[in-house]
1. Would you calculate the separation in nanometres between label points at R246 and H284, each defined as 7 Å from the Cα along the Cα-to-beta-carbon direction?
2. Given the C-alpha centroids of segment 83-130 and segment 253-285, what is the distance between them in whole angstrom?
3. Packing-wise, with mean Cβ within 10 Å as the measure, how do 264-276, 92-104 rank, highest first?
4. At what distance in nm do the modelled label points of V17 and Q62 sit from each other, each positioned 7 Å from its Cα along Cα→Cβ?
5. Just need the relative contact order of the chain here, percent rounded to a whole number, with Cα pairs under 8 Å and 6+ apart.
6. Whole number in Å², please: accessible area per residue of segment 29-157, 1.4 Å probe, ligands, DNA and RNA not counted.
7. I'd like the accessible area for V45: 1.4 Å probe, protein heavy atoms, all chains in place, Å² to the nearest 10.
8. Heads up, I need the accessible area for S166: 1.4 angstrom probe, whole protein in place, Å², nearest 10.
Amino acid sequence: MTHILIVEGNSESLVSVTSTGQIRGAAERYADALAPLAEGLTFSVTRPHFEHDPAPRPDWNQIDGVVFTGSGVYWSADDDEAASARDVMATAFQKGKPVFGSCYGMQIGAAVLGGRVQANPKGAELLIARNIRQTEAGKGHRLYAGKPEQFDALCIHRDDVVEIASGLEILGENEHCAIQSVASRSGDVTFWGVQYHPELDFEDIARYVRRSDVEDFTQLSRMSACLGHDVSDTDELVEDFNLLARQPDNPALIEKYDVSHSVVSRDTHTCELSNWLRAVQDAHR
């Protein structure tokens with residue numbers, strides 16, 4: 001068995017609770033995305049931004065790998081409010097655990113390793129990150145084994161990593177965001193991070209569009225710019241994206257939003273996660 005610790009990036013106010021009292025946040029959705037990608041996975045969750053954390057403290061002796069989720073919190077990964085998540089990341093590095101971070105998770109890792117994070121002056125990158133290109137380092141990295149050298153990805157982020165420490169290298173970039181993915185070069189830290197969201201699907205993105213608590217994530221002008229399609233009605237967008245989640249090969253919607261194969265093909269979109277899980281499992285064979 002391979003045990004993965006998932007670190008919830010959201011605070012309590014941003015995480016839903018079911019009618020039976022079960023927490024349903026980014027961590028639980030991430031586990032759902034990982035489970036089909038490899039055999040023998042088990043999961044535990046910790047929630048450093050919860051004021052009253054119902055999750056047990058991590059048993060680091062039982063953990064084979066760590067995933068840090070994205071987040072809709074108002075602060076940045078290098079702000080004081082993010083200290084509790086940075087502490088978990090620093091401990092994972094100290095314990096020699098391989099870490100994967102998406103969006104806020106990548107930003108937390110970069111901050112712990114000495115990088116800098118800030119809001120992108122161009123505005124948030126929403127819905128689909130276009131034309132992400134692998135750098136020369138990315139083309140030879142295991143993160144991108146089997147991935148097209150240029151691809152699109154589902155995304156939703158306000159902040160970017162704008163500086164990295166010498167221990168990281170940039171693996172992916174696009175016109176909006178110069179650092180779309182990173183990895184540790186060598187040594188005691190094993191960290192892979194992506195600014196986009198390989199774990200999400202169209203239904204997840206539609207759910208974010210429905211949220212009203214994060215203004216940067218609901219700007220019609222930014223959605224239109226990122227999609228290359230005029231978005232004047234979020235209700236229509238939500239309906240279309242929910243339908244794409246059920247019908248990823250819907251030709252009318254693929255044409256309407258110029259959705260590439262790298263997004264609608266679940267195997268291609270989750271390629272980075274599969275590669276990371278394979279690397280974790282190979283390390284324990």
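The values are calculated or read from the model by the stated rules, or taken from the named source; none is laboratory data. What you are looking at is a predicted structure, and each value in this text was computed from that prediction instead of being measured. Neighbour counts run over all protein chains shown; Cβ positions are idealised from the backbone, glycine included. Just the protein is used for accessible areas: all its heavy atoms, side chains included, with ligands, DNA and RNA removed. Shrake-Rupley method; radii C 1.70, N 1.55, O 1.52, S 1.80 Å.
1. According to this spin-label approximation, the distance is 3.8 nm.
2. Value for the Cα centre distance between the two parts: 20 Å.
3. Working: 264-276: 19.5, 92-104: 22.5.
For the peptides 264-276, 92-104, the packing ranking is 92-104, 264-276.
4. Distance between the two pseudo-spin positions: 2.4 nm.
5. 17
6. Using a 1.4 Å probe on heavy atoms only, each residue of segment 29-157 averages 41 Å².
7. 30
8. For S166, solvent-accessible area is about 110 Å².
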